[in-house]
Amino acid sequence: MIGVGTTGRVDGRTLRAERTRAAIVDAHMALIGEGDLRPTGERIAERAGISLRALWTNFKDMEALFAASGEKLAELQAAAHRPIDAGLPLPRRIDLYCEQRARMLEMLAPCARAAALREPFSAQLKQNRVKAIAVVQAEIEEVFATELALAGSAGGQLLQALVVASTWASWSMLRDELGLGLSAARGVLTRTVSALLAAAITSSLR
């Protein structure tokens, strides 16, 4: 009976700790989503309904919180992602891919803007970005495998160009620097991806 009771207490503590950590991550991301791009520990704790001490008991520093928030964002994006059939005609694949990238980039936007302020001083945020880019590259390799193969020795460069066009830096230029609306920005992305792939196909036929 002692063992059972001990296990119950341990499980209860573990569950409460998990809930507290989840509340902290949710609070962190909610504040960023509302425009507070550099939320302090005090504001995060207040939003999560916990003490500042509890915040730092669950996360030893902001780097640990950045890691957990990055994982949560990746989970949200994975849940919203829809596989694209690589056997579809190229124009259809481009449309589906660019529509999906626009959705994913809009989902990423608040966290990406916040990360830009802290990334020069954060190894974890840099790691989060590297992981996000790797996910985009893997999707491009899958969705446009035929065209990358047709590009032959230029396939690596084509892949890099498509990654650049599809990631946050380019999307931020369209949305934040040029001030384009969502539809217009997606149109530029579609035009860019289409042009890159068309050029690769044309070169392969020469």
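The values are calculated or read from the model by the stated rules, or taken from the named source; none is laboratory data. Model, not experiment: these values are computed from the prediction. Quick reminder, even Gly has a Cβ in these numbers, built from the backbone with ideal geometry, and neighbours come from all protein chains shown. When the accessible area is computed, the model is the full protein with side chains, heavy atoms only, and any ligands, DNA or RNA have been set aside. Shrake-Rupley method; radii C 1.70, N 1.55, O 1.52, S 1.80 Å.
Spin-label model, ARG38/GLN137: points 7 Å from Cα along the beta carbon direction are separated by 3.1 nm. Model label points for LEU182 and ARG13, set 7 angstrom from Cα along the Cα-to-Cβ axis, are 4.6 nm apart. Here the contact order of segment 71-205, divided by its residue count and restricted to Cα pairs under 8 Å and six or more residues apart, works out to 29 percent. For the chain, adding -39500 (n - 2.57) for each run of n ≥ 4 DSSP H residues and dividing by the number of residues yields -26500 deg cm²/dmol at 222 nm.
Quick check: net charge around LEU31, other residues with Cβ under 13 Å of its Cβ, Lys/Arg +1 and Asp/Glu -1? Counting the neighbours of LEU31, the net charge comes to -1.
Mind ranking ARG19, ARG175 by accessible surface for me, highest first, 1.4 Å probe?
Largest accessible area first, the residues go ARG19, ARG175.
Values (1) 7, 31, 33, 19, 9, 2, 0; (2) 9, 39, 39, 12, 0; (3) 8, 29, 27, 19, 11, 5, 1, 0 are given for comparison; P(r) over Cα pairs in 10 Å bins from 0, in percent, derived from the coordinates here, is the one labelled (3). Rolling a 1.4 angstrom probe over the protein heavy atoms with all chains in place gives segment 1-133 an accessible area of 59 Å² per residue. Karplus-derived 3J(HN,Hα) values for segment 170-187, using 6.51 cos²θ - 1.76 cosθ + 1.60 with θ = phi - 60°, are 5, 5, 5, 4, 5, 7, 8, 7, 8, x, 6, x, 4, 5, 5, 5, 5, x Hz; glycine and proline are entered as x. Sorted largest first by accessible area at a 1.4 angstrom probe radius, with every protein chain in place, the residues HIS81, HIS28 fall in the order HIS81, HIS28. For segment 116-192, a/c is not less than 1.5, where a ≥ b ≥ c are the root eigenvalues of the C-alpha gyration tensor, and a/b does not top b/c. That puts it in the oblate class.
Within the accessible area of the chain, the carbon and sulfur atoms contribute 59%, probe 1.4 Å, all protein chains present.
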